[in-house]
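What follows is one structure encoded as structure tokens, with my remarks underneath.
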Amino acid sequence: MSELAGKRVFVTGSGAGIGKAIAALFTERGARVVVSDLDTLAAKQAAGEIGAAGVANCDVTDETQVQAAIEQAVDLLGGLDVLVNNAGIEVSSPLLQQPTESFDRIFAVNVRGTFVTMKAATPHLVESKGNIVNIASIAGLGGSPLLGSYCATKAAVIQLTRVAAVEMRPTGVRVNAVCPGFADTAMVERLVPDFEAATQVPFGDLVAAKQGRLGTPQDIAEVAAFLASDRASWITGSHYVLDGGLTASLV
Ligand SMILES: NC(=O)c1ccc[n+]([C@@H]2O[C@H](COP(=O)([O-])OP(=O)(O)OC[C@H]3O[C@@H](n4cnc5c(N)ncnc54)[C@H](O)[C@@H]3O)[C@@H](O)[C@H]2O)c1
């Protein structure tokens, strides 16, 4: 399938996990992808494995680095059709016991990082009538113990997506979000011990009961690929939930 043939793509946080799966699937579907991560070694390895078009690293909390990485990607690719804002971090803490510095940090990565990256890519996306896919979360749609600040950042990402979509509609640039449930990555592995301690339920049982199974990074990449493709040409300002029915269920 070559639904992304020739698309020029920049993916933040794509050295590992969901971002890497997105970079891999987009490449497989014909896109030319520039991998970007805070972890420069992981980015280099991922790009090599995937056969990506190149690497342009940045820490999304640093606006100067973000602007430089986007310009580097545009030079490499000859323009930009798709930005995937995937870089994100989690914090596990009861909300009102969370140190303020850590609250500021998660907003800097998940919200401000998404904002500055969208801003830096916009002139190029307007030129190509391209699109943005923001990786939010079901945590942006409901509350979860220990994930208070994370939930707030992901709700903010959904709102940034809506407003950017509406404002950019006249330019032809589409902006959408993806809201995954729990997926099999290092982020979730890091959360499991605290979750099990708080709920007294084995995480596997919780996942089986609420989601059927753990999501895979490829599940999320599939939805991102659809939204980035021309098949989604009438879709903007939306957020796509993929969670095995978790948020649909009251019991
Ligand atoms: N795993 C899940 O269950 C899940 C569910 C819903 C949403 N998400 C979201 O998906 C995205 C990817 O999550 P993941 O599970 O693959 O996480 P991960 O921790 O496995 O990978 C995240 C990647 O982002 C990079 N990164 C972190 N901070 C960065 C920064 N400041 N600048 C640039 N890169 C940075 C890391 O180096 C890493 O390569 C995140 O936005 C996350 O919130 C994950």
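Return yes or no: is C151 within 16 Å of the ligand (Cβ to nearest atom), under 21 Å from A248 (Cβ atoms), assigned to a helix (DSSP H, G or I) and of a type outside the set (A, V, I, L, M)?
Details: within 16 Å of the ligand (Cβ to nearest atom): yes; under 21 Å from A248 (Cβ atoms): yes; assigned to a helix (DSSP H, G or I): yes; of a type outside the set (A, V, I, L, M): yes.
So C151 passes the test.
With respect to S93, is the statement that it is farther than 22 Å from I220 by Cα, within 16 Å of the ligand (Cβ to nearest atom) and buried (at least 17 other Cβ atoms within 10 Å of the Cβ) true? Lay out the reasoning, then the answer.
On the way: farther than 22 Å from I220 by Cα: yes; within 16 Å of the ligand (Cβ to nearest atom): yes; buried (at least 17 other Cβ atoms within 10 Å of the Cβ): yes.
So S93 passes the test.
I need every pair where a residue in the range 95-116 that is without any contact (Cβ under 8 Å) to a residue 60 or more places away in the chain has its Cβ under 6 Å from the Cβ of a residue that is in a helix (DSSP H, G or I) and within 11 Å of the ligand (Cβ to nearest atom), sequence separation at least 6 or different chains.
Matching pairs, first to second residue: I106/T153; F107/T153; N110/T153; V111/T153; T114/V157; V116/V66.
Inside the range 119-146, can you point out the residues that are away from the ligand (no atom under 14 Å from the Cβ) and assigned to a helix (DSSP H, G or I)?
K119, A121, T122, P123, H124, L125, V126, E127, S128
Look through the range 192-240, keep the residues that are assigned to a loop (DSSP other than H, G, I, E, B) and within 21 Å of A165 (Cα to Cα), and return whichever of them is nearest to the ligand (Cβ to nearest atom).
If we filter the range 192-240 for residues that are assigned to a loop (DSSP other than H, G, I, E, B), which is where we start, we get 200-202, 212-214, 216, 229, 233-238.
Subset that is within 21 Å of A165 (Cα to Cα): 229, 233-238.
Numbers: S229: 20, S233: 25, W234: 25, I235: 19, T236: 20, G237: 19, S238: 16 Å.
Checking each candidate, the answer is S238.
In the range 117-152, which residues are touching a residue at least 60 places away in the same chain (Cβ under 8 Å) and among the β-branched types (V, I, T)?
Those that are touching a residue at least 60 places away in the same chain (Cβ under 8 Å) and among the β-branched types (V, I, T): T117, V133, I135, I138.
Between A47, A87, which is of a type outside the set (F, W, Y) and more than 10 Å from the ligand (Cβ to nearest atom)?
Values: A87 fails: more than 10 Å from the ligand (Cβ to nearest atom).
On inspection, the qualifying residue turns out to be A47.
Could you list all residues from the range 4-59 that are polar (S, T, N, Q) and within 18 Å of G130 (Cβ to Cβ)? So that I can check it myself, show each step before the final result.
Residues of the range 4-59 polar (S, T, N, Q): 12, 14, 27, 36, 40, 45, 57.
Within the range 4-59, T12, S14, T27, S36 qualify.
Checking the conditions here, which among A16, A42 is within 8 Å of the ligand (Cβ to nearest atom), of a type outside the set (D, E, K, R), over 19 Å from A228 (Cα atoms) and in contact (Cβ under 8 Å) with a residue 60 or more places away in the chain? Break it down into steps so the answer makes sense when it comes.
Values: A42 fails: in contact (Cβ under 8 Å) with a residue 60 or more places away in the chain.
Exactly one residue qualifies, and that residue is A16.
Identify all residues within the range 157-188 that are under 22 Å from T236 (Cα atoms) and within 12 Å of the ligand (Cβ to nearest atom); write none if there are none.
We begin by selecting, within the range 157-188, every residue under 22 Å from T236 (Cα atoms); these are 157-181.
The answer is V157, I158, A177, V178, C179, P180, G181.
Out of contact with any Ser or Thr (no Cβ under 7 Å at 6 or more places or on another chain), over 30 Å from A198 (Cβ atoms) and modelled with pLDDT of 95 or more: is that true of D62 in this structure? If you could, list the steps in order and put the result at the bottom.
Numbers: out of contact with any Ser or Thr (no Cβ under 7 Å at 6 or more places or on another chain): yes; over 30 Å from A198 (Cβ atoms): yes; modelled with pLDDT of 95 or more: yes.
Here the answer is yes, as D62 does meet what is asked.
The values are calculated or read from the model by the stated rules, or taken from the named source; none is laboratory data. Note that the structure is a prediction, hence the values are computed from the model and not measured. Cβ: placed from backbone, ideal geometry, glycine included. Neighbour counts: every protein chain shown.
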